[in-house]
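The values are calculated or read from the model by the stated rules, or taken from the named source; none is laboratory data. Computed from a prediction, not measured in an experiment: that's the story for all the values here. Cβ placement follows ideal geometry from the backbone for every residue including glycine, while neighbour counts extend to all protein chains displayed. The accessibility values were calculated without ligands, DNA or RNA, using every heavy atom of the protein model including side chains. Shrake-Rupley method; radii C 1.70, N 1.55, O 1.52, S 1.80 Å.
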Amino acid sequence: MPLVTSKEMFEKAYAGGYAIGAFNVNNMEIIQGIVNAATEERAPLILQVSAGARKYANPTYLKKLVEAAVEESGLPICLHLDHGDSFELCKDCVDKGFTSVMIDASSHAFSDNIKITRNVVEYAHDHGVVVEAELGRLAGVEDDVKVKAEDSSYTDPDQVQEFVEKTGVDSLAIAIGTSHGAFKFKGEPKLRFDILEEVSKRLPGFPIVLHGASSVPQYLVEEINRYGGNMPGAQGVPEEMLRKAAEMAVCKINIDSDLRMAVTATIRKYFNDNPSHFDPRQYLGPARERVKEVVKHKIQYVLGCGGKA
Ligand code: G3H
Ligand code: 13P
Ligand code: ZN
């Protein structure tokens, strides 16, 4: 089976009241950990590559690894560009065989966001590739781009219909209070489900995407800090909120930070317990297992997409 787009995945997820996990990938062990979990759970999967991941690992290497994952697992897997910030970047991913791209022009004015997104949609659709766009701005850190809380903004439901009609986009990321990274809320975690509800009324049956959806599990924060790390005040999105979003119109839930933490906690502990070891397989192997455990947990308790492949 070749790489697939997210079209059919989202149709089924919307109808079934669950979400597809979109996990960020940067190397072989992370890809294998995610795919091994999805294989055991028979879960459809989106593997996403950011501009930073492209720079780190080279998009062709990542694509070949993901193709190996498709061949080995037989799962429906969509290869997605995460937070593409220009037509050129999106085009390059389309040309390299990605099956989905995100154009994130959410920092631009509404009319420019429409123009930039429309351009990408035209090129991508001509090549059988689907497009995600963003309206509203999440706070947090992506690559070198830091969005301060005061510069972030919730999605305005009054804009979504016009945006989708004028761009022809296939899915829409909205800002309802999540943010990127491991420090998401200052006080009580709060998501604007009223905005999600309102958006889904304006766009019946249309797949919504939730970025910044790591839960930042306390046990991983503690493990990182026990073995020399320093993550004070880390806080993620409570799992019950994510489940609720998945039952609503959210069809794609983006997770990166939790996997980063799983890898880091495992390697920190490994070197604490085995200070003389120096074979990378000895610590990358357990890190890969830990990624698998975290992804299995997400599929079972957050996404609800197990058995849907
Ligand atoms: O939303 C961003 C993802 O967590 C990717 O992070 O840009 O550092 O690869 P990155
Ligand atoms: P987290 O930082 O919450 O994992 O979000 C990842 C994300 O939204 C990738 O686009
Ligand atoms: Zn994101």
Under 11 Å from a point placed 7 Å out from the Cα of His125 along the Cα-to-Cβ direction: which residues of the stretch 76-111 have their backbone N that close?
none
quick note, the chain, DSSP beta bridge pairs, % antiparallel (nearest 5) is 10
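Suppose every K and R has +1 on its Cβ and every D and E has -1 on its Cβ; what is the size of the dipole of the chain about the Cα centre, in Debye to the nearest 20?
Values: 35 positive and 44 negative charges, 120 e Å.
Roughly 580 debye for the chain.
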Ranked from highest to lowest mean number of other Cβ atoms within 10 Å per residue, what is the order of the peptides 268-277, 123-132?
123-132, 268-277
Run the simple label-point estimate for Phe87 and Ala109 please: 7 Å along Cα→C-beta, distance reported in nm.
1.8
List the extent of the Cα atoms of the chain along each of their three principal axes, largest first, rounded to whole Å.
59, 45, 35
Each label point is 7 Å from the Cα along the Cα-to-Cβ direction; what then is the distance between the points at Asp279 and Lys244, in nm?
4.9
Label points 7 Å out from Cα along the Cβ direction at Tyr301 and Glu222: separation in nm?
1.3
Given backbone amide H placed at 1.01 Å from N, residues whose amide H is under 5 Å from that of Phe185, ignoring those fewer than 5 places away on the same chain, are Gln235
Pairs to check: Lys96/Lys269; Lys55/Lys252; Lys64/Lys190; Lys55/Lys308; Lys91/Lys296; Lys91/Lys186. Give those whose C-alpha atoms are more than 28 Å from each other in this structure.
Lys96/Lys269; Lys64/Lys190; Lys55/Lys308; Lys91/Lys296; Lys91/Lys186
What is the set of long-range amide H partners of Ala213 at a cut-off below 5 Å, with H atoms built 1.01 Å from backbone N?
Asn254, Asp256
So what's the projected area for the stretch 154-302, the Cα convex hull averaged over all directions, in nm²?
10.1
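Within the accessible area of the stretch 2-106, what % is carbon and sulfur when the probe is 1.4 Å and the other protein chains stay in place?
Numbers: 2020 of 3900 Å².
Here carbon and sulfur together make up 52 percent of the probe-accessible area.
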Where in the chain are the DSSP H helices whose C-alpha atoms run 18 Å or more along the long axis and whose mean Kyte hydropathy is at least -1.0?
28-41, 59-73, 110-126, 257-273
Using a 1.4 Å probe on the protein heavy atoms, what percent of the accessible area of the stretch 203-253 belongs to carbon and sulfur?
50
First check a/c for the stretch 1-122, with a ≥ b ≥ c the square roots of the eigenvalues of its C-alpha gyration tensor; if it is under 1.5, answer rounded, and if not, answer prolate when a/b is larger than b/c or oblate otherwise.
oblate
Within the set Glu162, Glu40, Glu188, GNM on the chain using Cα springs under 10 Å gives the largest fluctuation to Glu188
